[in-house]
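Here the structure is laid out as structure tokens; the discussion comes afterwards.
The values are calculated or read from the model by the stated rules, or taken from the named source; none is laboratory data. What you see is a predicted model; the values in this text were computed from it and never measured. Cβ placement follows ideal geometry from the backbone for every residue including glycine, while neighbour counts extend to all protein chains displayed.
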Amino acid sequence: MSIVQRVYPGEGAQLDVLVMHCDHARFVYNVGLEQRSWWTQSRRHFRQKINYVSQAADLTAARREFDWLRAGSTVVQQGALRDLDRAFTNFFARRAGYPTFKKRSNVRKGFVVRDLSVRRVNRRWGEILVPKAGWIRFRISRAWTDIFAATSARITLANGRWTVSFTTPPAARTMPDTTAVVGIDRGVANSIATSDGRMFHPPGFTAGEQTRFVALQRRLSRQQKGSANRDRTKAELGRLRLRLMDRRGDWIEQTTTELASTYCAAAVENLPVRNMTRRATPKPDPGRPGAFLPNGGRAKSGLNRAILASYWGKFAQRLAHKMSVVAVPAAYTSQQCSNCGYTCPENRDSQAVFRCQGCGFEHHADTNAAINIRDRAFIIKHQPEDISGDRVHQSRLRAAPTTSVA
Ligand SMILES: [Zn+2]
């Protein structure tokens, strides 16, 4: 879990030290990567395997030799080797590709601070101790107790903005006094639907930001590659995206906390991890034949799904940090009747309405899917008289939060 706060380094010396740390982190990372790739290419020339320990020892030797390296921070430089080590661990575990060199021109650069020291100046401002730079101010927008519990931090410069990301131990789960369960589905119209009939809409750009974003994209396409103006436009686009990401991040925190405090367990679609981490592209979903295609009237909903997919993974991840989450196969949840179980594509009367061809049950399409997801994860105990009763009425009983986990 991490908390990102905006950092305001002092102009001059403090700023220079942060830039130096970024440069050193990049340099050490790249040299370390080069050393490892030599080993991969001709391992018989090396008597011992290259790992974090051997590279940290090499770093100590290099610091003795080069004054400029010694002028930097050991903590920062070792942190870069640790990053490299993690990159290789992820590569060997097939979680990531082969580590790549960090370019000077990268928009995002940063370094790690370990053995963290933070202090509170007042209600809105805190300070973090950075080696060689001293105390650097950051704006507090999250609970201080969470920031104080952090064990390490990463300071990043992206799009002209300095931020600090605190790594904190996972938050203790709140145990609500209920046995109610909820099903959660990604709705068609860029929203999240719950089995209790609620819709949660993530914040987007304001109308003004949207206009600005489109104008900037248009300007970018006209500008020459590698030109200073193009870089400036890119940075401004990046700042807009960052603002949206911050807004979405806050929304995810609030929504997942609310769900975790109302329900004891949640069911979500079981998505392949690849879909969660990669940028989604609008394409037909093999699990839901004809769900959408990037053309005609469905193109927009496909795009909306793609936007939603980009933060759905984060949403599900944060939810799982806060409450118990069960993932279920999502195939046909949008075509299945949550009342009688009859499944066919014609049940989807429109994007928004579900009308069962078998029993005539009508419901909001997204809510219907969320109920299906809930029922796939949890066996709901019914009252005996419900089984022979009116089917629509029975479904309402099922949707009521009086259900229990079996
Ligand atoms: Zn039905």
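Annotations for the structure displayed:
- Qualifying residue in the range 42-53 (condition: in a loop (DSSP other than H, G, I, E, B), at pLDDT below 95 and of a type in the set (Phe, Trp, Tyr)): yes
- Among the conditions (1) within 30 Å of Ser141 (Cα to Cα); (2) in contact with an Asp or Glu (Cβ under 9 Å, 6 or more places away or on another chain), the only one that Gln35 does not satisfy is (1).
- Candidate set from the range 351-378 (those that are polar (S, T, N, Q) and touching a residue at least 40 places away in the same chain (Cβ under 8 Å)); member that is nearest to the ligand (Cβ to nearest atom): Asn372
- Extreme residue, nearest to the ligand (Cβ to nearest atom), among residues of the range 328-345 that are under 33 Å from the mean Cα position of the chain (by Cα) and loosely packed, with under 15 Cβ neighbours inside 10 Å: Pro345
- Matching residues in the range 196-238 - criterion: being within 26 Å of Thr256 (Cα to Cα) and among the basic types (Lys, Arg): Arg198
- Selected residue (only one of Arg123, Arg94, Arg119, Arg137 is touching a residue at least 12 places away in the same chain (Cβ under 8 Å) and outside any strand (DSSP E or B)): Arg123
- Residue among Asp196, Asp250 that is within 20 Å of the chain's Cα centre (by Cα) and either loosely packed, with under 15 Cβ neighbours inside 10 Å or not assigned by TED's automatic domain parsing to the domain that holds Val118 (or both): Asp250
- Selected residue [closer than 30 Å to Asp23 by Cα and among the β-branched types (Val, Ile, Thr)] from Thr211, Thr151: Thr151
- Of residues in the range 207-243 being of a type in the set (S, T, N, Q) and loosely packed, with under 13 Cβ neighbours inside 10 Å, the one nearest to Gly160 (Cα to Cα): Asn229
- Any chance Arg348 is within 16 Å of the ligand (Cβ to nearest atom), within 20 Å of Ser191 (Cα to Cα) and at pLDDT 75 or above: yes
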